[in-house]
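The values are calculated or read from the model by the stated rules, or taken from the named source; none is laboratory data. The structure displayed is predicted, hence computed values, not measured ones. Here the Cβ is made from the backbone with ideal geometry for all residues, glycine too, and neighbour counts use every protein chain on show. All accessible areas refer to the heavy atoms of the entire protein, side chains included, with ligands and DNA or RNA removed. Shrake-Rupley method; radii C 1.70, N 1.55, O 1.52, S 1.80 Å.
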Amino acid sequence: DVKVTQSSRYLVKRTGEKVFLECVQDMDHENMFWYRQDPGLGLRLIYFSYDVKMKEKGDIPEGYSVSREKKERFSLILESASTNQTSMYLCASSLGTGDNQPQHFGDGTRLSIL
Amino acid sequence: AQSVTQLDSHVSVSEGTPVLLRCNYSSSYSPSLFWYVQHPNKGLQLLLKYTSAATLVKGINGFEAEFKKSETSFHLTKPSAHMSDAAEYFCVVTRTGGFKTIFGAGTRLFVKA
């Protein structure tokens, strides 16, 4: 079974801090994704990566950056955290580039910015 | 362009009765469609996927879905609900190239004893 591990389940930070969310997958998947999930808004794609050091903006990249130095690890960075970034963050990975490849999700990080 | 609409934000059933969660999609080409389930404070888990091999797709935990091209629907069903099925369910379609994925808004399933 694919395992996607997010480093923290719950995180509390202060406004203006630089925040790192880490995600590791153990199945050698090419693609990795970061989403945020908010009540009434569903899942929204922040960034995705289709290879090491490659990244593409999703639907809501503002205020975020990402890093993928190794194939198994995809980091989401909040450059200067703000209260409107309080949310549940979900990491996912998938194999290859075919449309029929499902994404495998971690358990999420619930981030609160005070 | 692709889109997906889950027709019900909440569905409530009694334990042992059938479940129907409705999903309509829009796609300019033959889509790949998925259903995921999310239990509280958990990530999304794949229930089943449609990739044009067969129109009736069987998934885990007794769920299945039927792809109906003429109706542009991909409804999720289960013959008999169990208390453990209470969760949020997402219908998903992939965009061209497979990198980007469109999620429905979700349907929360309540199961009454």
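Computed values, structure above
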{"quantity": "Qualifying residue in segment B:4-19 (condition: away from chain A (no Cβ under 14 Å), touching a strand residue (DSSP E or B) at 6+ places or on another chain (Cβ under 8 Å) and at positive phi)", "calculated": "no"}
{"quantity": "Cross-chain or 6+ apart pairs with Cβ under 7 Å, segment A:101-114 first and closer than 14 Å to A:Asn31 by Cα and at the interface with chain B (Cβ under 7 Å from one of its Cβ atoms), then among the charged types (D, E, K, R) and open to solvent by 10 Å² or more (accessible area, probe 1.4 Å)", "calculated": "A:Pro102/B:Lys49"}
{"quantity": "Matching residues in segment B:3-37 - criterion: being of a type in the set (S, T, N, Q) and open to solvent by 30 Å² or more (accessible area, probe 1.4 Å)", "calculated": "B:Ser3, B:Thr5, B:Ser9, B:Ser12, B:Ser14, B:Thr17, B:Asn24, B:Ser26, B:Ser27, B:Ser28, B:Ser30"}
{"quantity": "Which numbered condition A:Leu45 fails, given (1) facing chain B (nearest Cβ under 8 Å); (2) under 10 Å from the mean Cα position of the chain (by Cα); (3) in contact (Cβ under 8 Å) with a residue 24 or more places away in the chain", "calculated": "(3)"}
{"quantity": "Tally, over segment A:80-102, of residues that are modelled with pLDDT under 95 and open to solvent by 10 Å² or more (accessible area, probe 1.4 Å)", "calculated": "8"}
{"quantity": "Scan of segment B:27-43 for residues that are closer than 14 Å to B:Phe103 by Cβ and of a type in the set (S, T, N, Q), ordered by number", "calculated": "B:Ser32, B:Gln38"}
{"quantity": "Members of segment B:51-63 that are under 13 Å from B:Leu33 (Cβ atoms) and either more than 13 Å from the chain's Cα centre (by Cα) or assigned to a strand (DSSP E or B) (or both)", "calculated": "B:Thr51, B:Ser52, B:Ala53, B:Ala54, B:Thr55, B:Leu56, B:Val57"}
{"quantity": "Some residue of segment A:55-64 being facing chain B (nearest Cβ under 10 Å), buried (at least 16 other Cβ atoms within 10 Å of the Cβ), more than 20 Å from B:Glu88 (Cβ to Cβ) and small (Gly, Ala, Ser)", "calculated": "yes"}
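Conditions tested, residue by residue: (1) in a strand (DSSP E or B); (2) of a type in the set (A, V, I, L, M, F, W, C); (3) open to solvent by 50 Å² or more (accessible area, probe 1.4 Å); (4) touching a residue at least 60 places away in the same chain (Cβ under 8 Å).
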{"residue": "B:Leu48", "(1), (2), (3), (4)": "yes, yes, no, no"}
{"residue": "B:Ser70", "(1), (2), (3), (4)": "no, no, yes, no"}
{"residue": "B:Ser84", "(1), (2), (3), (4)": "no, no, yes, no"}
{"residue": "B:Cys91", "(1), (2), (3), (4)": "yes, yes, no, yes"}
